[in-house]
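First up is the structure itself, then whatever we jot down about it.
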Amino acid sequence: MLSFDITLWIQIIEALILTAILNVILIKPVMQIFKDREQKFNGLRGDIERFTRGAEEALQQYQQRLNEARMEAAQRREELKQQGKAEERQILEAATKEAEQLKHQMLSQLSQQLQQVRQSLQAQVETFAVSIAQKLLGRSL
């Protein structure tokens, strides 16, 4: 049978003292390291999530600004097209008007020259008629 004497109590006390010493020297510091590590990882995980959200927001803002810039560029391009068409119409109208004026001016000049030639020929008709008659008749009139 087992006998319980003082050595058993000494061994129990030694085990308790050793457990207390190991708890203070080894277990608590190791557990504190585990807690610190877990807190650090949780902090890093939070930082990563915050940075990820920030990056996603920045990307969304970039996409939004890019879309706005594209829409502005398309609108500006359309405005410039309309402005170019309007300028083209104005230039064509001005050129057509100038061509019409030049045409009328040239027709007026031709008409005046034709009138002058007719007047000149009318003045010389009698002379030409006499000259032709003299040549045909072979004598002077």
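None of the figures in this text is laboratory data; all of them are computed from the coordinates on show. All figures in this text were calculated on a predicted structure; none of them were measured in a lab. Cβ placement follows ideal geometry from the backbone for every residue including glycine, while neighbour counts extend to all protein chains displayed.
Would you mind counting up the charge near Met71? Only other residues with Cβ under 12 Å from its Cβ, with Lys and Arg at +1 and Asp and Glu at -1. Numbers along the way, then the final one.
Values: positive: Arg65, Arg70, Arg76, Arg77; negative: Glu68, Glu72, Glu78.
Here the count lands on +1.
If I model a spin label at Lys35 and Tyr62 as a point 7 Å from the Cα along the Cα→Cβ vector, what separation in nanometres do I get?
Label at Lys35, label at Tyr62, 4.2 nm between them.
Within straight cross-link reach of Lys40, meaning Cα distance under 23 Å, which lysines are found once same-chain residues fewer than 8 apart are removed?
Cross-link targets: Lys28.
Could you identify which residue out of Gln116, Gln82, Gln64 has the top mean-square fluctuation in a GNM of the chain using Cα springs shorter than 10 Å?
Looking only at Gln116, Gln82, Gln64, the biggest GNM fluctuation is shown by Gln116.
Helix 28-137 versus the longest principal axis of the chain: what is the Cα-based angle in degrees, 0 to 90, to the nearest 10?
0
Given a Förster distance of 25 angstrom, what is the FRET efficiency for Lys28 paired with Leu8, based on the Cβ-Cβ distance and rounded to 0.05?
Details: r = 28 Å, r/R0 = 1.13.
Given R0 = 25 Å and the Cβ-Cβ separation, E is 0.35.
For segment 68-141, what percent of Cα pairs sit more than 15 Å apart? Intermediate results must be reported in sequence, preceding the final value.
Numbers: 2050 of 2701 pairs.
Pairs farther apart than 15 Å: 76 percent.
If I compute semi-axes √(5λ) of the Cα gyration tensor in Å from the structure I just sent, which labelled value in (1) 129, 12, 8; (2) 33, 16, 12; (3) 27, 15, 12 lines up?
(1)
Taking Lys103 as the anchor, which lysines have their alpha carbon closer than 22 Å to its alpha carbon, excluding any fewer than eight residues away along the same chain?
Counting by Cα, and skipping residues close in sequence, Lys103 has no lysines nearby.
Relative to the first principal axis of the alpha-carbon coordinates of the chain, what is the inclination of helix 6-22, with its axis defined by its Cα atoms, in degrees from 0 to 90 and to the nearest 10?
The helix 6-22 is inclined about 20 degrees to the chain.
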